[in-house]
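Each remark here refers to the structure printed beneath this line.
The values are calculated or read from the model by the stated rules, or taken from the named source; none is laboratory data. What you see is a predicted model, and the numbers here were worked out from it, not measured in a lab. In this analysis, Cβ positions are derived from the backbone assuming ideal geometry, glycine residues included, and neighbour counts consider all displayed protein chains.
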Amino acid sequence: MDLSLRDLAVRSGVSAPMLSQVERGETSPTLHVATRIAAGLELRLSQLLRLDEDGAVTVVRASERRKGPSGTPGHRYEILTPPLPGQRAELSRHVLSPGAVTGGPGDPPMHEPGSRESALVESGTVVLVCDGQPHELHEGDCVTFDADLPHHFQNPGPDRAVLLAVVSAGLRRS
């Protein structure tokens, strides 16, 4: 679709000066104005908000993973999901050496209120300590908990442990 600012102004009912300011990043449109711009472009609002992305599918290659800071000895992790705007969940892979613990300086901070975390133990044994309560987990076990509570994982075993964790934002179930 090849539209001028004036064409889009007519189609959307948003003034050409306002469209120009939005296009140059000088102002952010209200939700109502963004909805009208989307309609003028014959898009859904969700499509308009994703125009700067490369499409509906984003692949993160193993070599492109973001490494987490190495805040505690024996704990390393990488974030497997891309940093997309509006993304409500993040998948990470954690490797714990024997005796290692997550949650030290440099590790991710407490999650936002209402967040939930699900973790799958890929190999080894880990103990989740959530709100002071320990939960032993073995290979193949999966746990879900309120991630805004104080928590950490520890590896009590003689072998390394690997776990995958998904943190999702949202309201806690009552």
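Can you spot a residue in the stretch 116-125 that is at pLDDT below 95, loosely packed, with under 15 Cβ neighbours inside 10 Å and either closer than 30 Å to L48 by Cα or not charged (D, E, K, R) (or both)? Checked the stretch 116-125: no residue is at pLDDT below 95, loosely packed, with under 15 Cβ neighbours inside 10 Å and either closer than 30 Å to L48 by Cα or not charged (D, E, K, R) (or both). Selection over the stretch 127-147 of residues that are surrounded by fewer than 16 Cβ atoms within 10 Å (Cβ to Cβ) and either under 22 Å from P73 (Cα atoms) or not hydrophobic (A, V, I, L, M, F, W, C) (or both) gives a count of 11.
For the stretch 155-164, filtering for residues that are modelled with pLDDT under 95 and assigned to a strand (DSSP E or B) leaves 0. Filtered by the rule that a residue be touching a residue at least 40 places away in the same chain (Cβ under 8 Å) and hydrophobic (A, V, I, L, M, F, W, C), the stretch 1-52 gives M1, L41.
Taken as a whole, the stretch 54-73 holds no residue that is among the hydrophobic types (A, V, I, L, M, F, W, C), modelled with pLDDT under 80, assigned to a helix (DSSP H, G or I) and under 30 Å from R93 (Cα atoms).
Residues that are without any contact (Cβ under 8 Å) to a residue 24 or more places away in the chain and of a type in the set (S, T, N, Q) were ranked within the stretch 117-174; the one that is farthest from T102 (Cα to Cα) is S174.
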